[in-house]
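The structure under discussion appears below in the form of structure tokens.
Nothing in this text is a laboratory measurement; each read-out follows from the coordinates by a stated rule. In this text the structure is predicted, and so the values were computed from the model without any measurement. Using ideal geometry, Cβ is built from the backbone for each residue, glycine included, and neighbour counts are taken over all protein chains shown.
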Amino acid sequence: MSKNKKNKPIIIEEPNFNKAKFRSTSNLDFIDADLSVPNNLKQWANNKKYLIKTFGCQGNVRDTEYLKGYFNILNMSETDDFSNADIILFNTCAIRENAENKLFAELGNLRKYYEKNKNLIIGVCGCVMQEENPYSLLRQSFPFVKLVFGTFNINHIFNLLSKVIESNTRVVEVFSKQGEIIENMPTVRNDKYKAFVNIMYGCDKFCSYCIVPFTRGQQRSRKLTDILKEVNQLIENGYKEVTLVGQNVNSYGLDLTQSDKTSFYELLEKVAQTKIERIRFTTSHPFDFNEKVFEIMAKYKNIMPALHLPLQSGSDSVLKAMNRKYDVERYKQLVALLRKHIPDVCLTTDIIVGFPTETLEDFNKTIELCKEIRFDAAYTFIFSPREGTVAAKMTNITPKDEISRRFLILKDTIDKITEEKGHEYVNKTVNVLFDSISKKNENMISGYDEHNKLIHVKYQDNLIGTIRKVKIKESHTFSFIGEVLDE
Ligand code: 5AD
Ligand code: SF4
């Protein structure tokens, strides 16, 4: 690396919350990724090693796969050993404060690797870098971080790295624009049989607690033809399962121009007609949910009978303060319709406890609704104020002890139902796509069934990569032991 005497950081753009709130009404740009490699980067990168640590949701997992695709073009290989990496990237999540705290704790641990190898390039990208305050903290307290970029800057990785190598100073590029759609980014997928396929980016819902509309920008849907092209390529490459991913898949297509307009249920049907063996989708939002989705789910056997439908709260007044745009009645209607069309559906949800306006009465309504609906599983979160969101400015906050108490009650309620439903699952015959050796026991092979339940069976040759009938023998609540049935 050549030395930049002044060592002044190269700031292309820093995060800006005011800009991040802006929603444009102009048409989207669809751009092809530019894969040309700057000369200095080509020379530097050959045979070097990268390590990416990914925090957060499927959106980040997919972004990491794109970054791996770029590193692959550079002939770099992946390592999971921090001490022999030439680049370490943290792809970060901002959804709750504890994710951010974890990031900074882990970032502190990287200092020792930098002390040993001053040529090591440490970078931070993803949602946390879209936020002004965490970025300021990083700028002041982590001088060894040489590369900072945001969720809109992944396709610039070659140029950004080239600048770091040339200048040996920090390079920062965090756009806060509406974003565009970039097609044909290179990718190295994490799995061989199942794949995430982005159908849209960003979110325009502005739930009052949520940081995503700021960190991921305006809702942008990919064109149907591009999505189908990706699914067909996956089929050709032997993939058996796709998960269609968006912050809010039921709003898919609302932002497309008239000539490209497609609804989510139309997209789902077209994907089903590709004949890929399994289709899942996440995440759904009750507001834009078109009930035709249920008809399509029931009509095509390759759409899995599982739905993740975040509830967030069982109280109308809390839902209103959350700006969720539906009430409990609407949620219950959707669940009834879902169960009418797909009786054996597996229904999961997200719930937030301790939202600023939540009274004990509100909380009890959530508990009652959970008992009534009987979710198969629920992800429960304690409200975490996110700077810049409406809820972060609310002052009627419940004391921490009371929130913890409510959280435990909710968790107990949910876990009990999950456990009961787990026992009901024993002796059922399900279809499992086996994809790996069990993480806990190398004599077992693991996979997910149509209901997205984790199933382990005894090791058997030639199981991985196949979908097999399995009889459930034991429930361990969050996973099951089964036996492969001979066909
Ligand atoms: N605090 C707590 N939970 C949150 N979620 C999103 N934002 C927050 C927040 N500020 C939860 C919601 C969402 C899930 C992905 O994370 O339940 O559905
Ligand atoms: Fe956040 Fe609401 Fe958008 Fe989901 S729908 S990403 S919770 S703002």
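For the pair region 199-263 and region 425-485, the centres of their Cα atoms are 30 angstrom apart.
Convex hull volume of the Cα atoms in region 26-142, per residue, in Å³? Each step should come with its number before you reach the end.
On the way: hull volume 16.8 nm³, N = 117.
Per residue, the Cα convex hull of region 26-142 comes to 143 Å³.
Measuring against 29 Å, Cα to Cα, the residue pairs K48/K163; K21/K325; K116/K177; K301/K332; K53/K292; K192/K292 contain K116/K177; K53/K292; K192/K292 as the ones spanning a longer distance. Distance between the pseudo-spin-label points of I464 and N396 (7 Å out from Cα toward the beta carbon): 5.5 nm. Using a 4.7 Å Cβ-Cβ cutoff, the cysteines of the chain lacking any partner cysteine are C57, C93, C125, C127, C203, C346, C370. Round to the nearest 0.05 the FRET efficiency obtained for R23 and Q333 when R0 = 35 Å and r is the Cβ-Cβ distance. It comes out at approximately 0.75. With neighbours defined as other Cβ atoms within 10 Å of a residue's Cβ, the residues R222, R96, R170, R111 order from fewest to most as R111, R96, R170, R222.
Relative contact order for region 279-399: what is it in percent, counting Cα pairs under 8 Å that are at least 6 residues apart? Worked out over region 279-399, it gives 27 percent. Farthest towards the positive end of the charge dipole of the chain, among the residues Y425, Q333, I122, is the Cα of I122, using unit charges on the Cβ of Lys, Arg, Asp and Glu. Listing K205, K439 from fewest to most neighbouring C-beta atoms within 10 Å gives K439, K205. Selection among C203, N40, V390 by position relative to the dipole of the chain gives N40 as farthest towards the positive end (Cβ unit charges, Cα centre).
Annotation: the residues D81, D412, D362, sorted from fewest to most other C-beta atoms within 10 Å of their own C-beta, follow the order D81, D412, D362.
Looking only at Cα atoms, what is the convex hull volume of region 429-484 per residue, in Å³? Can you show the working numbers first?
Values: hull volume 3.8 nm³, N = 56.
Cα convex hull per residue, to the nearest whole number: 68 Å³.
Rounded to the nearest 5, the antiparallel percentage of DSSP beta bridges internal to the chain is 30%.
Between the listed residues S438, Y459, H476, the Cα displaced farthest toward the positive end of the dipole of region 416-487, a dipole computed from Cβ unit charges relative to the Cα centre, is found at H476. In percent, rounded to a whole number, the relative contact order of region 191-424 is 17, using alpha-carbon pairs under 8 Å and six or more apart.
Remind me, relative contact order of the chain in percent, using alpha carbon pairs under 8 angstrom and six or more residues apart?
That works out to 12 percent.
Electrostatic tally near F355: other residues with Cβ closer than 12 Å to its Cβ, Lys and Arg +1, Asp and Glu -1, net +1. About the Cα centre of region 425-469, how large is the charge dipole given +1 on each Lys and Arg Cβ and -1 on each Asp and Glu Cβ? Please answer in debye to the nearest 20. I would put it at about 160 debye.
Given +1 at the Cβ of Lys and Arg, -1 at the Cβ of Asp and Glu and no other charges, the dipole of region 4-122 around its Cα centre is 500 debye to the nearest 20.
How much FRET efficiency would the formula 1/(1 + (r/R0)^6) give for D32 and Q58, where r is the Cβ-Cβ distance and R0 is 25 Å, rounded to 0.05? Don't skip to the end; give the middle numbers.
Values: r = 24 Å, r/R0 = 0.94.
The calculated FRET efficiency here is 0.60.
Taking label positions 7 Å along the Cα-Cβ direction at both L254 and K102, the computed distance is 3.0 nm, reported to one decimal. 3J(HN,Hα) along region 405-410: 4, 4, 4, 5, 4, 4 Hz, from the Karplus curve 6.51 cos²θ - 1.76 cosθ + 1.60 with θ = phi - 60°, whole Hz, x for Gly and Pro. Across the chain, the convex hull enclosing all Cα atoms gives 159 Å³ per residue.
Placing +1 on the Cβ of every Lys and Arg and -1 on the Cβ of every Asp and Glu, with no other charges, gives the chain a dipole of roughly 1020 debye about its Cα centre.
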